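The values are calculated or read from the model by the stated rules, or taken from the named source; none is laboratory data. From a predicted model like this one, the values you see are computed outputs, not experimental measurements. FYI the Cβ positions are ideal-geometry reconstructions off the backbone, even for glycines, and counts take in every protein chain you see. Quick note on the areas: whole protein, heavy atoms, side chains included, nothing else; ligands and nucleic acids left out. Shrake-Rupley method; radii C 1.70, N 1.55, O 1.52, S 1.80 Å.
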Amino acid sequence: MIKQWRHVFKLDPDREITDEALDRVCMSGTDAIMVGGSSGVTYDNTVDLMSRVRRYELPCVLEVSDLEAVVPGFDGYLIPMVLNTADSQWLIGQHQRAIEQYGYLIPWDELIAEGYIVLNADSTVARMTGADTHLSTEAVVAYAQTAERLMGLSVVYLEYSGTFGDMELVAQTRRKLELSHLIYGGGIDGAEKAAQAAQAADTVVVGNIVYSDLAKALETVQAVKASV
Ligand code: 1GP
């Protein structure tokens, strides 16, 4: 599923989006909708957004950040495992507790674990997870290869949420991955950055700009699709 996606919009259940805006997002030609956010995600706001996106044909996946907000009915569940944190609860601890508690309910075939590398020190996710964001390109590549070769993760996510990242670092990381799929997200505010990110990564995620400038957000779809 994910390996075919070039462009994805990430929608935050904790933020308002009108029916009209959602219609334009879902009809934009994007490959999928990812539902997720770092804070304020609840069962109710997740159900609400899922059911609104479900009126459209495109795939809709949940990026799980809070166990309380895991809603059945998505096409898949992305499970972030933060690699560059010293606090193991974000790498494996919460995951282990969730499986201990709810393992019998988990649709294993619908889960996709993401090797998450958090790279914007000012983002909520970096603060929350205590991520070590000051990493050289070599260090990031080594985390990505750890995910790929030691952990067997099929997806690596370079998460710059809120700021546009170092595309050379992203491109280098992808060059070193032979098995895992590389997702990039962060700071894409229009066609130009979207095209740059599409050159560097396998899948490009566009989030915040949907809420601040919808027209610019919509332009990113074609920019990514046009990039080889
Ligand atoms: C956030 O990677 C996504 O999880 C997208 O980031 O909101 O900065 O576009 P932006």
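Structure values in brief
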quantity	calculated
Unit charges at the beta carbon, dipole of the stretch 2-226: most positive-side option, Gly130, Ile99, Val61	Val61
Per DSSP, loop GluC sites (Glu not before Pro) in the stretch 151-228 with at most 15 further Cβ within 10 Å	Glu178
Estimated FRET transfer efficiency (Tyr56, Ala139; beta-carbon r; R0 41 Å; 0.05)	0.55
Asp12 accessible area, assembled protein chains, probe 1.4 Å, Å²	30 Å²
Solvent accessible area, Å² - Met50, 1.4 Å probe, full protein context	20 Å²
Difference of contour (0.36 nm per residue) and Cα-Cα distance, Met151 to Ser212	18.3 nm
Heavy-atom accessible surface of the stretch 2-226: percent carbon and sulfur, 1.4 Å	49 percent
Probe 1.4 Å, protein heavy atoms only - accessible area per residue of the chain in square angstrom	47 Å²
The chain, helix-only ellipticity at 222 nm - DSSP H runs n ≥ 4, -39,500 (n - 2.57), divided by all residues, nearest 500	-10000 deg cm²/dmol
Between the stretch 30-102 and the stretch 132-157, the alpha-carbon center distance in angstrom	21 Å
Shape category assigned to the stretch 2-226 from the gyration tensor of Cα positions, a/c cut at 1.5	oblate
Sequence of Trp5, Trp90 when ordered by accessible area, the most exposed leading, probe 1.4 angstrom	Trp90, Trp5
